[in-house]
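Below: one structure, written as structure tokens.
The values are calculated or read from the model by the stated rules, or taken from the named source; none is laboratory data. What you see is a predicted model, and the numbers here were worked out from it, not measured in a lab. So basically every Cβ, Gly included, is an ideal-geometry build from the backbone, and we count neighbours across all protein chains shown. The protein model used for the area step is the full one, side chains on, heavy atoms only, and it has no ligands, DNA or RNA in it. Shrake-Rupley method; radii C 1.70, N 1.55, O 1.52, S 1.80 Å.
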Amino acid sequence: MGEEEKKLGLVALIALVVGSMVGGGAFNLAGDIALGSNAGAAIIGWIITGIGIIALAFVFQNLTRRKPELDSGIYSYAKAGFGTFLGFNSAWGYWLSAFLGNVAYATLVFSSIGYFIPIFEGGQNVASIIGASVVLWLVHYLVLRGVNSAALINTVATIAKVIPIFLFIIVAIIAFKWDTFTFDFWGGEGFTWASVGEQVRSMMLVTLWVFIGIEGAVVMSGRAKNRSDVGKATIIGLVSVLLIYILISLLSLGIMSREELADLPNPAMAYVLEAIVGKWGAIVINFGLIISVLGAWLGWTMFAAELPYVTAKDKVFPKWLAKENKNHAPVNSLWLTNGLIQLFLITLLFSEAAYNFMFSLASSAILIPYLLSALYQVKLTMTGEAYQSGEKRTKEKVIGFIASIYAIWLVYAAGIDYLLLTMLLYAPGIILYKWALKENDIQKKDTTIEKALMVLFVVLAVTAIGGLITGRITI
């Protein structure tokens, strides 16, 4: 059977969704949330996140059903709904998020290895950068062997990574103390809208980071055996992961106080379990995290390489990114992606909180692609396109509006600094966009809205540079 005939089945697609979401973030989730939220605010935050992320999952499920011809997923929805330029930016933003996420994974995996081998302690020293670089190019080699082979390895890694997480949940349920959980439930000021609102806002980027990957099956939809499996994989993967995340974060607040959790090194889950059962608990979790991050790293490398590849085939990215090797792997896209990851790995030596910064930037970069997908569903339900005459659209319209509001809220929650830094990454994309149009001899005149967006991106990017120079924005 030829490589081109090997397609991804339901189990492989679910593993891509779960594997890409349950990466390193799951193992440090309790500590990341505790940095800014007490138990009461965390519950409210999870309610908001649950509603928003489930709505977003249903958006992806509905779009794969209503628009089966759009097999480039998150990019093709933006292009079909809002034109070539926003389609390009959806692909560009998603790609930025994917490779920045891999940089965050590199930091976290070597922080865990540092638990066993002190030379890697902290995850962002010279030894860690060298180690991460070796892993980076091993993953590169695996993906070059073919997407199907890489997906099989990802499935095995996904199964392996959930075992220590389930162990943690079972032990934490047994050790959970209600008094610890309810102590300082709303924070030192008690319940006030201002205090709780700020706490909820602070956890939004954290929760978005751990759910990035929800669209994994959609991104790979062109390689699925059955289109109907894409929507199923998205919903099954999301519901499973949402339950796991809620249990991890809330149970941890019943084991340690918020302040204790916030002070834990990466990965927080290891030290919470160590506090319950002793050193062997931390050993198990750190091993689990290493497997988890390596699996997620592999999955995200596939996503990061796939999107420029399919976008280039659609003549929106430069055509050289559409090249495949004999295993039908997107070879040039992969080289570009991992080359940039290598450069960003070196920058970890100059950032004090590399993991948190990289995951926040990756989360911020993906907001535009998510928002455009949600708005495309709203557009379809408003115009009736892809619906039969007289077919009810109310339910899907409501879901689209909820997902859109959630995405807009996340933009606010990210804060102005991350928005400016994200635009610093988006602005250079304009040059690539113009290059691709010229290279493919596409005669397209920018609309007034597109021109305004280009100017806005540049202005915000210049503002970010000014903020970095003056010290108002720090990395």
The one condition in (1) under 21 Å from the mean Cα position of the chain (by Cα); (2) among the small types (Gly, Ala, Ser); (3) open to solvent by 10 Å² or more (accessible area, probe 1.4 Å) that GLY52 fails to fulfil: (3)
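Residues checked against (1) open to solvent by less than 30 Å² (accessible area, probe 1.4 Å); (2) at pLDDT below 85:
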| residue | (1), (2) |
| --- | --- |
| GLY216 | yes, yes |
| LYS225 | no, yes |
| SER228 | no, yes |
| TYR245 | yes, no |
| ILE248 | yes, no |
| ILE255 | no, no |
| GLU259 | no, no |
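Conditions tested, residue by residue: (1) surrounded by fewer than 12 Cβ atoms within 10 Å (Cβ to Cβ); (2) within 23 Å of the chain's Cα centre (by Cα).
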position	(1), (2)
ILE159	no, yes
ALA172	no, no
ASP179	yes, no
SER202	no, yes
Lone qualifier among GLY19, GLY101, GLY40, GLY25 - being at pLDDT 90 or above, in a helix (DSSP H, G or I) and open to solvent by less than 10 Å² (accessible area, probe 1.4 Å): GLY40
Per-region count, segment 310-336, residues assigned to a helix (DSSP H, G or I), open to solvent by less than 10 Å² (accessible area, probe 1.4 Å) and either over 20 Å from LEU8 (Cβ atoms) or not polar (S, T, N, Q) (or both): 3
Filter pass, GLY45 being part of a loop (DSSP other than H, G, I, E, B), at pLDDT 85 or above and more than 15 Å from the chain's Cα centre (by Cα): no
Count - residues of segment 357-408 that are under 23 Å from the mean Cα position of the chain (by Cα), assigned to a loop (DSSP other than H, G, I, E, B) and surrounded by fewer than 23 Cβ atoms within 10 Å (Cβ to Cβ): 0
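Taking into account only those residues within segment 187-200 that are outside any helix (DSSP H, G or I) and more than 26 Å from PHE359 (Cα to Cα), which is most open to solvent (accessible area, probe 1.4 Å)?
Per the stated criteria, the residue is GLU189.
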Selection count, segment 227-265, where residues are assigned to a loop (DSSP other than H, G, I, E, B) and free of Cβ contacts under 8 Å to residues at least 24 places away in the same chain: 1
Qualifying residue in segment 263-273 (condition: of a type in the set (Val, Ile, Thr) and over 20 Å from the mean Cα position of the chain (by Cα)): yes
Search result, residues across segment 266-281 that are more than 25 Å from ASN102 (Cβ to Cβ) and in contact (Cβ under 8 Å) with a residue 60 or more places away in the chain: VAL272, LEU273, ILE276, VAL277, GLY281
So LYS445, is it open to solvent by 10 Å² or more (accessible area, probe 1.4 Å), farther than 17 Å from ASN89 by Cβ and assigned to a helix (DSSP H, G or I): no
Search result, residues across segment 55-66 that are within 22 Å of ALA362 (Cα to Cα) and surrounded by 24 or more Cβ atoms within 10 Å (Cβ to Cβ): LEU56, ALA57, VAL59, PHE60
Segment 77-99, residues that are closer than 15 Å to GLY299 by Cβ and hydrophobic (A, V, I, L, M, F, W, C): TRP95, ALA98, PHE99
Residue among ILE119, ILE165 that is part of a helix (DSSP H, G or I), over 22 Å from the mean Cα position of the chain (by Cα), of a type in the set (A, V, I, L, M) and at pLDDT 80 or above: ILE119
ILE153 in contact with a helix residue (DSSP H, G or I) (Cβ under 9 Å, 6 or more places away or on another chain), surrounded by fewer than 17 Cβ atoms within 10 Å (Cβ to Cβ) and assigned to a helix (DSSP H, G or I): no
